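The next block holds one structure in the form of structure tokens; read it before the comments.
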Amino acid sequence: MTSANTSDPISPASDRKSLRPDCGSCFALCCTAFGFSRSADFALDKPAGTPCQNLAQDFSCTIHDSLRPRGFRGCTVFDCFGAGQNVSQQFFAGKSWLAEPDTKDNMFAAFKAARQLHEMLWYLAEAVNRTFDPDAADRAELLRNLIEQTLGGDLTKLLSTDAQDFHSQVRSILMEVSEEVRASYFAAGDDHLDATLKPGADLIGRNLRSRRLCGADLRGAYLIAADLRNSDLSGADLLGADFRDARLEGTDLSRTIYLTQPQLNAARGNHTTRIPADLETPSHW
Ligand code: SF4
């Protein structure tokens, strides 16, 4: 009998594939529904509900290969968790807002609502995959089913859903599973983490290089431009942590909890960064 290599990434949750974007099946909803302001992430202002000036008629981006040098870093960070293709194909039967302009408002509103729910499904899949508590797994599954029903194609139901209600239920399960997973990284008397490494902590620019950060609760922490090179974040809860420009070369993120593609996309890493099996190495690394 062979034991699992604890340095291996956690196996991907089996059903997360549908939670990855499929831009070819989407009517560029992220380039239309949301607005953005001229900033370090976007080179121009764009009101919500209008197509970006770089959007082509076939819903492709005319500057796709040079987004970062052209000042559109924000576009390379965004991820819809598969909501774009779901709304385009399931809720609107593959008929675009360009072909049927009357559907525009509802389609964009549906996308905004669906993205939140798809993101919750992403986290819940991880909770189910990581917990050893059958009761927690059952409750997470139940919530997933309820959210999936809301995403089943009934537009009225989707638009009238209170995402906040789902959000608080999801949050409670995620925290419970996080506690369980993180606890497994502490032996009795193990105090490898200092008190500043806590949820919501301001760790902007902090030197956390070559540290053992296993089991840290960094939920909502500000890790902007933090130096995490060659550190081990196995079992660290990274839910909503801000990774903009964080240095991740040589960092082991393969067994973290609740890391998402947008967080990775916002950070700076390279081929030596170890990432969870569900995520992809950002193309700009
Ligand atoms: S720059 Fe390209 S990817 Fe970004 S919003 Fe505009 S069309 Fe979409």
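The values are calculated or read from the model by the stated rules, or taken from the named source; none is laboratory data. Computed from a predicted structure; not experimentally measured. No Cβ is skipped: glycine too gets one built from the backbone with ideal geometry, and neighbour counts run over all protein chains shown. When the accessible area is computed, the model is the full protein with side chains, heavy atoms only, and any ligands, DNA or RNA have been set aside. Shrake-Rupley method; radii C 1.70, N 1.55, O 1.52, S 1.80 Å.
Between L142 and D202, what length comes free when the chain is fully extended (0.36 nm per residue of separation minus the Cα-Cα distance, one decimal in nm)?
Working: separation 60, 0.36 × 60 = 21.60 nm, distance 3.49 nm.
Answer, rounded to one decimal: 18.1 nm.
Given a 1.4 Å probe and the protein chains all in place, what does the accessible area of H192 round to, in Å² to the nearest 10?
It works out to around 40 Å².
Past 31 Å, Cα to Cα, is the threshold; run K104/K198; K157/K198; K17/K104 against it and keep the listed order.
Values: K104/K198 42 Å; K157/K198 38 Å; K17/K104 27 Å.
In this structure, K104/K198; K157/K198 exceed 31 Å between Cα atoms.
Taking only C-alpha pairs under 8 Å that are 6+ residues apart, what is the relative contact order of the chain in percent?
Rounded, it is 15 percent for the chain.
Can you compute the helix-only [θ] at 222 nm over the chain? Use -39500 (n - 2.57) per DSSP H run of at least 4 residues, normalise by all residues, nearest 500 deg cm²/dmol.
Numbers: 6 runs with 81 residues, N = 285.
The helix contribution divided over the chain gives -9000 deg cm²/dmol.
Averaged per residue, what accessible area in Å² does the stretch 192-285 show with a 1.4 Å probe, protein chains only? Before the final figure, lay out the partial values.
Working: 3520 Å² over 94 residues.
Result: 37 Å² per residue.
Heavy atoms of the protein only, probe of 1.4 Å, neighbouring chains included. What is the accessible area of K95 in Å², nearest 10?
100 Å²
Report the Cα centroid-to-centroid distance between the stretch 41-75 and the stretch 149-190 in angstrom, as an integer.
32 Å
Considering only protein heavy atoms and a 1.4 Å probe, what is the carbon-and-sulfur percentage of the accessible area of the chain? Numbers along the way, then the final one.
Numbers: 6870 of 13830 Å².
It is 50 percent, rounded to a whole number.
What is the chain by shape, rounded, prolate or oblate, if you read a ≥ b ≥ c off the alpha carbon gyration tensor as root eigenvalues and call it rounded for a/c under 1.5, prolate for a/b larger than b/c, and oblate otherwise? Before the final figure, lay out the partial values.
Working: a/c = 2.13, a/b = 1.39, b/c = 1.53.
Oblate, since a/c reaches 1.5 and b/c is not below a/b.
Calculate how steeply helix 163-183 sits against the longest principal axis of the alpha-carbon atoms of the chain, using the helix alpha-carbon long axis, and give the answer as 0 to 90 degrees to the nearest 10.
20 degrees
Tell me, in nm to one decimal, what length is gained between D165 and A109 on full extension, where the rule is 0.36 nm per residue of separation less the Cα-Cα distance?
On the way: separation 56, 0.36 × 56 = 20.16 nm, distance 1.80 nm.
Full extension of this stretch gives 18.4 nm more.
Rounded, prolate or oblate: which one fits the stretch 142-251, using the alpha carbon gyration tensor with axes a ≥ b ≥ c (rounded when a/c is under 1.5, else prolate when a/b beats b/c, else oblate)?
Prolate is the answer for the stretch 142-251, as a/c is 1.5 or above and a/b outweighs b/c.
Return the distance in nm (one decimal) between the two label points of a simple spin-label model at K17 and H284, each offset 7 Å from Cα along Cα→Cβ.
Between K17 and H284, the simple spin-label model gives 2.9 nm.
The stretch 119-138 to the stretch 222-250: how many Å between their Cα centroids?
23 Å
Over the stretch 192-285, what is the relative contact order in whole percent, taking alpha-carbon pairs under 8 Å and six or more residues apart? Walk me through the numbers before you get to the answer.
Values: 255 pairs, mean separation 20.2, N = 94.
The value is 22 percent.
Indicate, rounded to the nearest 5 percent, the antiparallel portion of the DSSP beta bridges found entirely in the chain.
Numbers: 2 of 12 bridges.
Bridges in the chain that DSSP calls antiparallel: roughly 15 percent.
Quick check: the angle from helix 134-150's long axis to the longest principal axis of the chain, C-alpha only, nearest 10 degrees?
So the inclination is approximately 10 degrees.
What is the extension gain from D65 to A195, computed as 0.36 nm multiplied by their sequence separation minus the C-alpha to C-alpha distance, in nm to one decimal? List each step's numbers first, then the result.
Details: separation 130, 0.36 × 130 = 46.80 nm, distance 4.29 nm.
Contour length minus the Cα-Cα distance gives 42.5 nm.
Leaving out ligands and nucleic acids, note down the accessible area per residue over the stretch 18-182 with a 1.4 angstrom probe, in whole Å². Don't skip to the answer; put the middle values down first.
Working: 8140 Å² over 165 residues.
Value returned for the stretch 18-182: 49 Å² of accessible area per residue.
According to the square roots a ≥ b ≥ c of the eigenvalues of the Cα gyration tensor, what is the shape class of the stretch 192-285, taking rounded for a/c under 1.5, prolate for a/b larger than b/c otherwise, and oblate for the remainder? Provide the component values of the computation, followed by the final result.
Details: a/c = 1.42, a/b = 1.38, b/c = 1.02.
Cα axes put the stretch 192-285 in the rounded bin.
In degrees between 0 and 90, to the nearest 10, how far off the longest principal axis of the chain does helix 104-130 point, with axes built from Cα atoms?
Compared with the principal axis, the helix lies near 20 degrees.
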